[in-house]
Structure formats: C-alpha cells, structure tokens
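> Before anything else, here's the structure in question.
Just so you know, all these numbers are worked out from the coordinates, no wet-lab data involved. Remember, predicted model here, so these are calculated numbers, not experimental data. A quick note on method: Cβ atoms are made from the backbone with ideal geometry, for glycine too, and the neighbour counts reach across all protein chains shown.
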Amino acid sequence: MSASLAQSFDSSRLSFTLEQGRFGEHVFAHVLLCLPCRVLTGYFMKKPPLIWLNVILFTVTFLLAVLVTPWYGFSHGLSAGLWWAMLATVLFAGLSITAGYHRLWSHRAYDAHPIVRVLWMIGGTLALQNSILHWASDHREHHKHVDHDDHDPYSASRGFWFSHIGWMLRHYQANRYHDYGNVKDLQKDPIVMFQHRYYLPLVLVLNFGWPLLIGWLLNDVVGALLLVGVVRIVINHHTTFFINSLAHIWGGQPYTDRNSARDNGFLALLTYGEGYHNYHHIFSNDYRNGIRWWQFDPTKWLIRACSWLGLASNLKRCSGYQIEKAKLTMQFKRYQARYEAKQPTTSQVVLERLQHDYEQVLQKLKAYYQARKVLLDSKTARLRDHVHADIDQLKHQAQELRSAFQLHRKRWRAALAEQLA
Ligand SMILES: [Zn+2]
Ligand SMILES: [Zn+2]
C-alpha cells in the first residue's frame with residue numbers, strides 16, 4: 001500500500017466522522033477499515049508501535065469465530081449441549097467483568113466475600129481482558145480523564161475504532177503501562193495479586209482447560225474449542241468493548257453532558273446492564289447502573305442476590321436527591337440552550353424567573369429527601385433500639401413533601417414548555 005493510499009485511509013479522519021453520531025457510518029467505516037487496513041495504515045502514518053500479540057489474538061479469534069466455526073457447524077454439527085455451555089460461559093465471564101472487574105474492583109461499589117472474589121477472578125480470566133489490577137488501573141484513568149485524548153486510555157473523542165479496540169493494538173500509553181499507583185488499594189487483595197502474578201498460566205489453563213473438559217464430556221473437542229473457547233471469547237470481548245465505544249456515542253444524556261457517556265437501554269441488553277453509562281459516569285460508586293426497577297441491569301440483580309446470601313455487603317447507592325437534582329439540572333440546561341437558540345434576543349427576565357422557579361423545585365426536592373431520611377432513620381431506630389417514634393406521622397409528612405415537590409416540578413416544566421411554544 002503506497003503512502004498516498006494510506007493517506008486516503010486516514011483512520012483518525014474517519015474516526016472523527018464516527019464521533020458525529022451517525023450509526024450507519026460507524027458500521028460502514030468499521031467494516032471498510034478492517035483490522036489489516038488499520039494496521040497497514042498505522043504503519044505508514046507513523047503511529048506508536050503495534051502490540052503484535054493483541055493484533056494476532058483479536059484477528060485470529062475473530063476469523064475463527066466468523067469463518068471457521070460456521071464451516072465446522074455446517075459440516076460436523078454443533079450439539080445443543082455445546083450451545084448451552086457457550087451461553088453459560090458467556091454469562092459467567094461477562095458478569096465477572098461487570099460485577100467483579102468493574103463494579104467491585106475498579107469502583108469499590110460493594111464488598112464481596114472471598115468466594116465471590118475468587119469466582120469473579122476466574123470468570124474475568126476466562127474473559128481474557130488482562131489482569132484485574134491492569135484493567136482497574138486503566139478504568140480508573142478512564143473515569144478520571146474521560147474524553148481526554150492523551151490521558152483517557154480509551155478516549156471516545158478519538159473515535160469509534162480507537163475506543164472500541166484500537167487503543168489495545170498499539171503502545172499508546174506505554175509510559176504508564178506498569179504504573180499501578182492508582183490501584184494501591186487493590187494490591188492489598190491477595191486474590192487480585194495472585195491473578196496478576198500468574199495471569200498467563202491461569203489464562204492458558206482456564207481458556208483451554210474449560211473448553212477441553214466440555215468437549216471431552218460432550219464428545220466434541222474441536223466443536224467445544226471453537227464454540228466455548230473462541231466464539232465465546234469474541235462475544236465477551238466485544239460486549240465489553242461496546243461499553244467503551246458505543247456507550248460513549250449512542251444514547252441519551254439525562255444526567256450530565258460534561259462527558260460523552262450515554263444511557264442506552266438497548267446496549268444494556270448486550271452489556272449486562274452497563275448500557276446506563278451516562279448515569280455511571282456521574283455516580284460511579286453506585287453498585288447499580290440502571291437505577292429503576294424496570295431497567296435491565298442483571299449485574300445489579302446479581303450483586304443484590306449475593307448480598308441476600310451474605311456474600312456481598314456495603315452496597316453503595318447514590319442519594320435519590322443527588323440523582324433527581326442532576327436530572328433537573330440537565331433539563332434546565334437543555335431548556336436554556338433551546339430558549340437562547342429560539343429567541344433572537346434572549347429575555348433575561350424570563351430566564352431569571354425560571355431560574356428562581358428551578359431553585360424552588362430543588363428546595364422542595366431537598367425537603368422531601370430530608371423528611372424521607374428522618375422516616376427511614378426512625379424506622380431503623382424503632383426496630384433496633386425499640387425507640388418510640390410516630391412513624392405514621394413521619395410517613396404522612398414525607399408523602400406531603402413529595403406531593404409538593406411533584407407539583408412544583410410539574411408547574412416548572414409547564415412554564416418551560418410555555419416559553420418554548
Ligand atoms: Zn466510560
Ligand atoms: Zn466505570
């Protein structure tokens with residue numbers, strides 16, 4: 001490939017178009033700029049040196065999954081048992097990444113019993129996404145420097161390809177590769193350090209041993225190596241990678257627009273609940289990503305189930321007041337932008353009045369959550385210390401304050417809509 005041809009395939013320019021939120025183009029460019037093209041392009045564009053192990057690993061597993069496995073399936077057949085084993089392994093490894101690597105170790109959103117930590121360590125090793133220590137270190141950098149081209153390891157502002165997989169193909173941040181200063185707390189966890197020390201042998205034993213065992217039990221070793229080994233790894237890889245790429249491109253921003261993270265219910269289906277990424281980036285210590293009961297977040301359900309069994313504790317939740325406040329603030333910000341765009345000369349008087357109404361709504365919200373806290377504390381005290389408290393009266397008070405908040409919010413939203421009409 002000549003240098004001029006390489007120029008016409010300038011990946012950073014195409015990546016820029018990907019950022020604009022045109023999903024069709026993402027897929028097109030993704031397919032067009034296949035891995036070998038990216039590799040050759042990078043060679044001519046003088047990018048950092050390739051990490052050949054990763055390039056080969058991602059290319060070979062992907063080709064085996066999309067070409068060799070279907071051929072094997074059509075020519076030899078793949079039993080239902082193998083499909084079930086693959087599905088179970090996908091779920092185990094995927095949830096070990098989301099509940100373990102991500103919410104437990106990267107964010108300390110809860111504490112887990114050693115049995116659970118060992119399970120997440122085994123599943124995470126099967127998912128083949130580097131050691132817990134390394135993964136968590138990268139992820140904490142991602143949250144700290146989100147969207148910063150040089151400091152966020154998988155910055156979405158560098159485009160879909162880079163944030164999805166490109167960041168792992170070259171030595172982009174070689175200077176901090178072995179700097180684990182931001183995960184000193186994790187270095188006290190013997191399970192984390194055991195896995196970090198023996199990562200390669202663990203990867204080989206688990207990723208070959210488990211499919212070989214399934215294959216031996218189901219009498220189809222090649223089928224198991226392909227389906228439970230390779231296809232499963234490719235699924236585990238790309239579902240996690242979607243959180244770094246698509247969850248920063250596609251979806252809404254109900255809580256903050258200070259970074260590119262998005263909430264996307266469809267992505268949550270593919271990522272064990274991690275699709276509520278806009279919420280996650282503002283309230284990252286919360287063990288939940290989908291905070292409503294109807295939002296699909298199996299990682300949250302799993303952590304809660306572990307706590308019922310006494311295997312998880314100290315589950316952290318952000319306060320309802322902070323969450324509601326973030327949403328109202330975003331709504332008001334959006335309103336102001338639309339109003340300023342609509343009015344040739346923005347009426348300062350109108351904006352000040354709506355700002356005043358907004359602050360009133362926040363005050364009502366705060367009063368409601370304070371009353372709710374008093375109610376919950378009183379319930380706990382009555383149960384624990386047999387202290388007398390008029391729970392019915394406190395409950396009534398909280399309900400009244402809630403209604404007052406909802407009424408103010410309704411009026412405020414109606415006033416906003418009226419100004420925009
Ligand atoms: Zn993110
Ligand atoms: Zn995170």
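> Within the stretch 278-372, what is the number of lysine pairs with alpha carbons under 19 Å apart, leaving out pairs fewer than eight places apart on the same chain?
Values: K300/K316; K316/K325; K325/K333; K325/K364; K325/K366; K327/K364; K327/K366; K333/K342.
Number of lysine pairs found: 8.
> Using modelled amide H (1.01 Å from N, peptide plane; none on Pro or chain starts), what sits under 5 Å from the amide H of Y276, excluding residues fewer than 5 places away?
Correct list: N264.
> In whole Hz, with x marking every Gly and Pro, tabulate ³J(HN,Hα) for the stretch 277-284 from phi via Karplus 6.51 cos²θ - 1.76 cosθ + 1.60, θ = phi - 60°.
Computed from phi, the couplings for the stretch 277-284 are 7, 5, 4, 4, 6, 9, 10, 6 Hz.
> Continuing with the same structure: Please report, for the Cα atoms of the stretch 320-420, the Rg to one decimal and the Dmax as a whole number; what are they, in angstrom?
18.0, 63
> Follow-up. Scale the Cα Rg of the stretch 47-129 by the rule-of-thumb value 2.2 N^0.38 Å and send over the ratio, two decimals.
On the way: Rg = 16.7 Å, N = 83, 2.2 N^0.38 = 11.8 Å.
Working it through for the stretch 47-129, the quotient is 1.42.
> Would you compute the Debye intensity of the chain from its alpha-carbon atoms alone, equal scatterers and no solvent, and pass along log10 I(q)/I(0) at q = 0.06, 0.08, 0.09, 0.12 Å⁻¹ to two decimals?
For the chain, the Cα-only Debye profile gives -0.32, -0.56, -0.69, -1.09.
> Through the Karplus equation 6.51 cos²θ - 1.76 cosθ + 1.60, θ set to phi - 60°, convert the phi angles of the stretch 328-338 into ³J(HN,Hα) values in whole Hz; use x for Gly and Pro.
5, 5, 5, 4, 5, 4, 5, 4, 4, 5, 5
> Same structure again: Quick one: which residues, 5+ away or cross-chain, put their amide H under 5 Å from the amide H of R170? H built at 1.01 Å from N.
Result for R170 returns I51.
> Still on this structure, I have one more. Using a Gaussian network model of the chain with C-alpha springs under 10 Å, which one of A112, A136, A80 is most mobile by mean-square fluctuation?
In the Gaussian network model the winner is A80.
> Additional query: Among the chymotrypsin sites (Phe, Trp or Tyr not before Pro) in the stretch 260-361, which ones are in a DSSP loop with at most 11 other Cβ atoms within 10 Å of the Cβ? Mind listing them? List each step's numbers first, then the result.
Numbers: sites: F266, Y272, Y276, Y279, F283, Y287, W293, W294, F296, W301, W308, Y321, F332, Y335, Y339, Y358; in loops: Y272, F283, Y287, W293, W294, F296.
Answer by residue number: W293, W294.
> With charges set only on the Cβ (+1 for Lys and Arg, -1 for Asp and Glu), what does the dipole of the stretch 369-416 come to about its Cα centre, in debye to the nearest 20? Could you put the intermediate results ahead of the total?
On the way: 11 positive and 5 negative charges, 82 e Å.
Result for the stretch 369-416 is approximately 400 debye, rounded to the nearest 20.
> Between L218, L315, L126, where does the largest GNM mean-square fluctuation fall for the chain, given springs only between Cα atoms within less than 10 Å?
L218
> Which of A398, A85, A341 moves most in a GNM of the chain, Cα contacts under 10 Å?
For the chain, modelled as a Gaussian network with Cα springs under 10 Å, the answer is A341.
> How compact and how long is the stretch 121-248, expressed as Rg and Dmax of its alpha-carbon atoms in Å?
16.4, 50
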